[in-house]
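Every read-out reported here was derived from the displayed coordinates using simple, explicitly stated rules and does not represent laboratory data. All values derive from a computational prediction rather than experimental measurement. Glycine also receives a Cβ, built like all others from the backbone with ideal geometry; neighbour counts cover every protein chain displayed.
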């Protein structure tokens, strides 16, 4: 029974979320079910945006939470492009993790996204 089939991202403003996920990150809308549920195209599990009343209030790093990881070939370049168009990039420089380097960014609702660049083997 171990199989992730949907990743739900809860957002407090769907218009801002769509601008971020589509215009900044490059996802495309696969289907809008109504004003509060949007399915984004993704090669992996289904990625769903769903509205909620309040933004996230989790401290990063330091609290338990789920982070959406997005792979990129050049994490520093990707983060710089996102910062230039107004994204909330948390780190000023890439950070190491056991499989490579990463930088973190927040969506408009405060959800955490880690941009991951894996070491080549």
Is the C-alpha gyration tensor of the range 1-57 telling us rounded, prolate or oblate? Criteria: a/c under 1.5 is rounded; beyond that, a/b larger than b/c is prolate, otherwise oblate.
oblate
For residue 118 and residue 24, what is the calculated FRET efficiency with R₀ set at 25 Å and r taken between the beta-carbons, to the nearest 0.05?
0.70
Starting from the eigenvalues of the Cα gyration tensor, five times each then square-rooted, give me the equivalent ellipsoid semi-axes of the chain, largest first, whole Å.
23, 17, 15
For the chain, the longest principal axis of the Cα atoms and the Cα long axis of helix 75-84 enclose an angle in degrees, to the nearest 10, of 50 degrees
Based on the Cβ-Cβ distance from residue 95 to residue 2, what FRET efficiency comes out when R0 is 30 Å, to the nearest 0.05?
0.55
Using only the Cα atoms of the range 59-106, build the gyration tensor, take square roots of its eigenvalues as a ≥ b ≥ c, and label the shape rounded, prolate or oblate: rounded if a/c is under 1.5, else prolate if a/b is larger than b/c, else oblate.
oblate
Give me the extension gain from residue 72 to residue 33: residue separation times 0.36 nm, minus the current Cα-Cα distance, reported in nm with one decimal.
11.1 nm
Residue order, fewest to most surrounding Cβ atoms within 10 angstrom, among 37, 25
37, 25
